[in-house]
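What follows is a set of notes on a single structure, which appears directly below.
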Amino acid sequence: MRRTNKLRLRPEKEQEKALFSLCEMSAVLWNRINYIRRQAFFENKFDWNEGVRELYEEFKPILGSATAQQIIRKNDRAWRSFFSLSKLKKEGGLPPHVKKISPPGYWKDRNSNRRKLMTIIRNDCYRIEEENGKKWLVLPKGLKIKITGEIRWRGKQGSLEIFYDDLSGKWYAHESVEVNQQGHTIFPKKAFVDLGVVNIITAWIEGERRAVAFSGKSLLSDWWYWTKKISEYQSIAMKVNGKKTTRRIRKLYRKRQLRFRHAINTIIHRFVELCYEKKVGEIIVGSVNGIRENNDNGRKINAMVHNFWSFGYIVERLKTTAENFGIQVEFVKELKTSSICPKCNSENVRKHKRLFKCFYCGFGAHRDVVGVINIARLSQTGGFNGVLAHPSVVRPRISRL
Ligand SMILES: [Zn+2]
């Protein structure tokens, strides 16, 4: 299993200069190889070898051979993944949370148009030294930079990515680590999950009397609050200097996203912990195709879903968090799971706001509960007949700073 240690670099003035020039030149290399490849791709004559040798020779003395090679390889991987997604798309098998694919982009910030400053250090070219609770990152050419942050994962050291955050002026390093998880028994139970917006997660765990729902309401209102703030500043910026964006506005966008992600992480963590306590070994998730098309949610929610919502992020977090607890995540195709009566299979149903009602047998329940029960039915699990019609709702609190 691959894991990432997220660390913060605290370079001194001179060290920061060295980092800046290393990252600048790394971005130049990435952008140049990527330019060649994009041009060739759009002219239908993509060639993996074109320009590679020349660029490697040119950047070897500047970046060191290991880093030059790492950057070219990272670009290779980006293109390979683009090609394999394109192939899946042609075959109609794109994963449900991938909405749009495009060829690898440049290391450039879309708003400020400046180069994205980052670089990659090969696994055998750095080490982390620890002494009396203090830590240093030791890089080639005698660079020894103070670092902070928890080393959560120990294992076989992989490559290290260093990057500079333009907005906060801070340096970060992500160290990839290969961890082997052993001796963990796999729990027997399953949990069934329906992902949504009003309730981020609705889940039913085998054997439980009641489904549980993790409300997304506070998250929505928080998102709405920052969205309004952004548009206030935008109209001011428009009046004052005719600009659509400013540094402050970019910071607000960032803040809105970080808060969203933080809230999602909290919810997912609580859910996965619950699964672990209940001895769940596998989480089954209904795929999330229908949500964007469902316009029955009200104006605010629709605005958020269309402009911002990222199921890709939620799915990725759920997978990683569950894996960390030794729990598997599976996806099932969710065919009309919210519009079939779980009791009698009738499609003669009515859905209004959060309620579901079957006209044939009279069954009525909370809509998200119907969703999870149907996902469980699809997976041919029994025992959901006694599940209560309404979930118990968990409402995570978001503090407004
Ligand atoms: Zn029915």
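The values are calculated or read from the model by the stated rules, or taken from the named source; none is laboratory data. Remember, it's a predicted structure, so these values are computed and weren't measured experimentally. Here the Cβ is made from the backbone with ideal geometry for all residues, glycine too, and neighbour counts use every protein chain on show.
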Please name all residue pairs, on different chains or six or more residues apart, with Cβ atoms under 9 Å, provided the first residue is in the stretch 340-357 and is free of Cβ contacts under 8 Å to residues at least 12 places away in the same chain and outside the structural domain of L388 (by TED's automatic domain parsing) and the second residue is within 11 Å of the ligand (Cβ to nearest atom) and among the polar types (S, T, N, Q). none
Tally of residues being without any contact (Cβ under 8 Å) to a residue 60 or more places away in the chain, buried (at least 16 other Cβ atoms within 10 Å of the Cβ) and outside any loop (DSSP other than H, G, I, E, B) across the stretch 32-65: 8
Charged (D, E, K, R), buried (at least 17 other Cβ atoms within 10 Å of the Cβ), assigned by TED's automatic domain parsing to the domain that holds V28 and in contact with a Lys or Arg (Cβ under 9 Å, 6 or more places away or on another chain): is that true of K116 in this structure? yes
From the residues in the stretch 338-355 that are in contact with a Phe, Trp or Tyr (Cβ under 8 Å, 6 or more places away or on another chain) and either closer than 22 Å to V197 by Cα or not hydroxyl-bearing (S, T, Y) (or both), which one is farthest from the ligand (Cβ to nearest atom)? S338
Given the residues N199, N123, which is the only one that is surrounded by 14 or more Cβ atoms within 10 Å (Cβ to Cβ) and in contact with a Leu (Cβ under 8 Å, 6 or more places away or on another chain)? N123
In the stretch 356-400, residues that are farther than 19 Å from I205 by Cα, crowded, with 16+ Cβ neighbours inside 10 Å and more than 16 Å from the ligand (Cβ to nearest atom) total 2
Suppose we keep only residues that are of a type in the set (S, T, Y) and buried (at least 17 other Cβ atoms within 10 Å of the Cβ) within the stretch 161-180. Which one would you say is modelled with the lowest pLDDT? S176
Of the criteria (1) within 17 Å of G196 (Cα to Cα); (2) touching a Ser or Thr at 6+ places or on another chain (Cβ under 7 Å), which one G312 fails: (2)
Flag if E316 is part of a helix (DSSP H, G or I), loosely packed, with under 14 Cβ neighbours inside 10 Å and either at negative phi or in contact with a Gly (Cβ under 9 Å, 6 or more places away or on another chain) (or both): yes
